[in-house]
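The structure under discussion appears below in the form of structure tokens.
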Amino acid sequence: MNPPARLLALFNVRPDESRLVVSALGFALLLNAASVLIRTAAYALFLEAFSGNDLPYTYVGLSIAGPLVTLAYLRLNSRASLSTATRTGVALLLFLLLAARLALLAPPLRSAAVFALPIIAGVFVGLATTIYWNLLGRLFTLQQGKRLFNLLNSAEQVAVLVGGLLVPGLVAGVGTANLLLVGALSLAAGWLVLSTIGRRYRQLLAADTEPGDRVASSPARVPRSSYVLLLFALFATYMIGAYFVNNLFYV
């Protein structure tokens with residue numbers, strides 16, 4: 001058994017799963033590396049031009065923009081194959097990065113662009129998370145997920161660790177604003193990996209039915225059980241606490 005195969009076996013990855021797991025990890029690393037870079041650039045530039053006391057206004061903007069973008073992606077996912085939806089979603093994230101960098105170059109737009117960067121970073125993280133886990137849900141079965149999702153989730157921590165170590169050198173070399181371009185390069189590489197996954201595992205990513213054959217139906221309602229309400233309450237409490245603590249540090 002070669003060293004890479006031994007390493008994968010250590011994480012309970014079976015030989016017939018190794019190529020798929022490596023591809024998914026590669027996509028996750030590139031996606032999360034771009035996320036680390038855009039968040040670093042967004043908050044550094046924002047706090048240079050504004051103050052931590054202005055951040056709550058960006059949270060309000062994110063609370064409006066985030067759900068709208070995610071809703072648009074979910075609507076696309078219901079009308080197209082998962083492969084098409086994921087590639088389109090990553091292309092949208094790439095467009096956001098490039099548009100933000102171009103806006104920073106235009107003096108009339110720079111102040112507004114800097115203010116919008118934390119909102120764009122939040123939209124990026126939310127949509128990237130939705131894309132990645134939606135993809136994993138189709139690529140792997142429930143039994144595989146129990147074994148592999150901890151490993152596949154570790155890509156975020158690895159990207160944060162490596163990206164955090166590389167950021168000072170990148171800033172010294174290309175500047176803070178150009179971290180957006182480096183993030184765009186990472187995201188473009190992720191799009192290529194995603195396209196490769198789409199070709200190799202077309203059957204796994206194919207829609208259950210063709211988009212044109214789907215019967216229109218009323219949207220399913222979220223059951224109003226105490227369990228579901230508690231889940232919403234738990235996540236809402238977590239998010240409020242996370243934003244509160246983050247804002248304290250930024251101030």
Self-check item: Given (1) farther than 30 Å from Pro15 by Cα; (2) open to solvent by 70 Å² or more (accessible area, probe 1.4 Å), index of the condition Asn77 fails
Solution: (2)
Exercise. State whether the residues of region 21-41 include one that is at negative phi and surrounded by fewer than 13 Cβ atoms within 10 Å (Cβ to Cβ).
Key: no
Quiz item: Does Val123 count as assigned to a helix (DSSP H, G or I), under 24 Å from Tyr59 (Cβ atoms), open to solvent by 60 Å² or more (accessible area, probe 1.4 Å) and aliphatic (A, V, I, L, M)?
Solution: no
Practice problem: State whether the residues of region 14-21 include one that is out of contact with any Pro (no Cβ under 9 Å at 6 or more places or on another chain), small (Gly, Ala, Ser) and in a helix (DSSP H, G or I). | Solution: no
Exercise. Keeping to region 170-201, report how many residues are open to solvent by less than 20 Å² (accessible area, probe 1.4 Å) and β-branched (Val, Ile, Thr).
Key: 1
Quiz item: Scanning region 22-62 for residues that are of a type in the set (Gly, Ala, Ser) and modelled with pLDDT under 90, which turns out farthest from Leu7 (Cα to Cα)?
Solution: Ser51
Practice problem: Show the residue pairs that are 6+ apart or on different chains and have beta-carbon atoms under 7 Å apart, the first residue being within region 98-118 and closer than 21 Å to Ser186 by Cα and open to solvent by 10 Å² or more (accessible area, probe 1.4 Å), the second being modelled with pLDDT of 95 or more and polar (S, T, N, Q). | Solution: none
Exercise. Would you please name the residue that is modelled with the lowest pLDDT, looking only at residues in region 202-231 that are within 23 Å of Leu135 (Cα to Cα) and open to solvent by less than 40 Å² (accessible area, probe 1.4 Å)?
Key: Ala207
Quiz item: Cβ-Cβ below 9 Å, separation at least six or inter-chain, first residue in region 146-164 and at negative phi, second among the basic types (Lys, Arg): which pairs?
Solution: Arg147/Arg14
Practice problem: Filter region 130-149 down to residues that are open to solvent by 70 Å² or more (accessible area, probe 1.4 Å) and either modelled with pLDDT of 90 or more or touching a helix residue (DSSP H, G or I) at 6+ places or on another chain (Cβ under 9 Å) (or both) and give me whichever is farthest from Leu31 (Cα to Cα). | Solution: Arg138
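The values are calculated or read from the model by the stated rules, or taken from the named source; none is laboratory data. All figures in this text were calculated on a predicted structure; none of them were measured in a lab. Heads up, the Cβs are rebuilt from the backbone with ideal geometry, glycines too, and the neighbour counts pull from every protein chain shown. What goes into the accessible areas is simple: the full protein's heavy atoms, side chains included, and nothing from ligands, DNA or RNA. Shrake-Rupley method; radii C 1.70, N 1.55, O 1.52, S 1.80 Å.
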